[in-house]
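Structure record follows, encoded as structure tokens.
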Amino acid sequence: KIDSKIIKFTLKQPYAPFAEVMTLGILPKHIWNQIPAEEYSFKEPNSETVGSGPYKITKLRKNTEGIATSIELVSFDKYARGAPYISKIVLKFYASDAAAITAYKKNEVESFASFSSSSSKILIESAEKKSAKIFESSLPRLFGIFFNQSHKPIFAQSEVREALSLATDRRTIVEGLFDGRATAIVGPLPASIASATSTDLYDLDEAIRLLERKGWKKNADGIYEKKIGSSLETLTFSLATSNVAELAETADLIKASWEKLGAKIEVKKFDTSDLNQNVIRPRQYDALLFGEAIGRDLDLYAFWHSHERNDPGLNISLYTNRTADELLEKSRSLATIEERRLSLKKFAEIVIQEKPAIFLFSPNISYVLPAKIENASLDEIWNASDRFHNIQNWYIQTDSVWKIFART
């Protein structure tokens, strides 16, 4: 403690993401100490927030179950950067995208954000009819299929992983399922971070040739098999994922593509909580269709370092590579984002070569604002709330004033 307003932290070793960690905010211990972290979103103190942002809460409406349905915000005249131009904003919450889109069509709301491709398409069609402003941005998230070699030994065969990658039609996923509102990727970095993206990897014929060069042969059922050691292994496995519509549809499409190759796939769909608790945490899956959200600190350690293979670590491919580990560790010690990007690109090259996972796409966020809103932007999005990053500068109308009275 330096004084009543300054605290100095001394770390045992360099940790570049530390500054980002400190932006999480400080919670008053006497209020939150007895509340489990997983219940924060539903507890009363969370709706009676204390902060220093450009707006403050004046009204909060809830339904009979105690879930917030709307929050009214008014400008905070003591905000450090000056009171925002728009004096009042009402946030409304809906149980589904469909309900929110209906409200938008009925002019009950003027703005709407969507992460769902099907909802985005409907939203944008409606917005175009209203001449609204439409923003789209690639999110720093990625979705892929992560192989559990410990649970299914056939994935230890590099030709199997390579062949499945070649037999994965990313273009159809992006253009067919997501209506182009996603970006195909080939590595462990989202499209918003890495430029190494491609939709031209699909080559079913080459996938078949690769398997057969490595000694795989089709059995009477048309499924590839190969004797590995003393056992006869078949290209048969399960693919686990969430029952969220777009992931479930992606899994079905991939199943169809891989069965054309000569594999037999069982798609297992779970409720999100069941998937997390009973499948991912104990690592009870052959292959897993899942997503990763990358923070602005670009720290991939938890997702890929060998120390993170077991729960609560997030290395869901159970990947281990000494050089990759060293690059991840080095990245954490680099001071600038540019240096971290270079280190992570070297790491990505290793992962792309070894294919512990098949990377599919990075999704987009679609955001609609009424035409009357000026000065809004969607330049850099790391999470949904970032669409409000410059909300204090938004305005609705302009007046000509003498320069001496203009806000600077």
Does segment 212-219 contain at least one residue that is under 23 Å from VAL351 (Cβ atoms) and at pLDDT 95 or above?
-> yes
So which of ILE71, ILE35 is assigned to a strand (DSSP E or B), assigned by TED's automatic domain parsing to the domain that holds GLU110 and either under 29 Å from the mean Cα position of the chain (by Cα) or free of Cβ contacts under 8 Å to residues at least 12 places away in the same chain (or both)?
-> ILE71
Pick from ALA191, ALA251: which is among the hydrophobic types (A, V, I, L, M, F, W, C), in contact with a Ser or Thr (Cβ under 7 Å, 6 or more places away or on another chain), surrounded by 15 or more Cβ atoms within 10 Å (Cβ to Cβ) and under 30 Å from ARG340 (Cβ atoms)?
-> ALA191
Filter result (at pLDDT below 95, surrounded by 14 or more Cβ atoms within 10 Å (Cβ to Cβ) and part of a loop (DSSP other than H, G, I, E, B)) within segment 325-372 = LEU334, PRO370
If you go through segment 130-158, how many residues are under 18 Å from the mean Cα position of the chain (by Cα) and part of a helix (DSSP H, G or I)?
-> 0
Residue check for THR64: among the β-branched types (Val, Ile, Thr), assigned to a loop (DSSP other than H, G, I, E, B) and surrounded by fewer than 10 Cβ atoms within 10 Å (Cβ to Cβ) = yes
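Okay, residues lined up against (1) of a type in the set (Asp, Glu); (2) touching a Pro at 6+ places or on another chain (Cβ under 8 Å):
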| residue | (1), (2) |
| --- | --- |
| ARG213 | no, no |
| ILE228 | no, yes |
| SER231 | no, no |
| SER257 | no, no |
| LYS260 | no, no |
| ILE265 | no, no |
| ASP271 | yes, no |
| THR323 | no, no |
Before we move on, is ARG296 touching a Pro at 6+ places or on another chain (Cβ under 8 Å), over 28 Å from ASP169 (Cα atoms) and either part of a helix (DSSP H, G or I) or not acidic (Asp, Glu) (or both)?
-> yes
Qualifying residue in segment 110-118 (condition: out of contact with any Gly (no Cβ under 9 Å at 6 or more places or on another chain), surrounded by fewer than 16 Cβ atoms within 10 Å (Cβ to Cβ) and either among the aliphatic types (A, V, I, L, M) or over 21 Å from ASN393 (Cβ atoms) (or both)) | no
Show the residue pairs that are 6+ apart or on different chains and have beta-carbon atoms under 6 Å apart, the first residue being within segment 191-202 and at pLDDT 75 or above, the second being part of a loop (DSSP other than H, G, I, E, B) and aliphatic (A, V, I, L, M).
-> ALA191/ILE185
Give the number of residues within segment 254-303 that are closer than 27 Å to GLU206 by Cα, in contact (Cβ under 8 Å) with a residue 40 or more places away in the chain and surrounded by 17 or more Cβ atoms within 10 Å (Cβ to Cβ).
-> 11
On the given criteria, is ALA240 touching a strand residue (DSSP E or B) at 6+ places or on another chain (Cβ under 8 Å), surrounded by 19 or more Cβ atoms within 10 Å (Cβ to Cβ) and within 25 Å of SER138 (Cβ to Cβ)?
-> no
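The values are calculated or read from the model by the stated rules, or taken from the named source; none is laboratory data. In this text, all values refer to a predicted model and were calculated from it rather than measured experimentally. Neighbour counts are summed over all protein chains in view; Cβ atoms, including those assigned to glycine, are modelled from backbone coordinates with ideal geometry.
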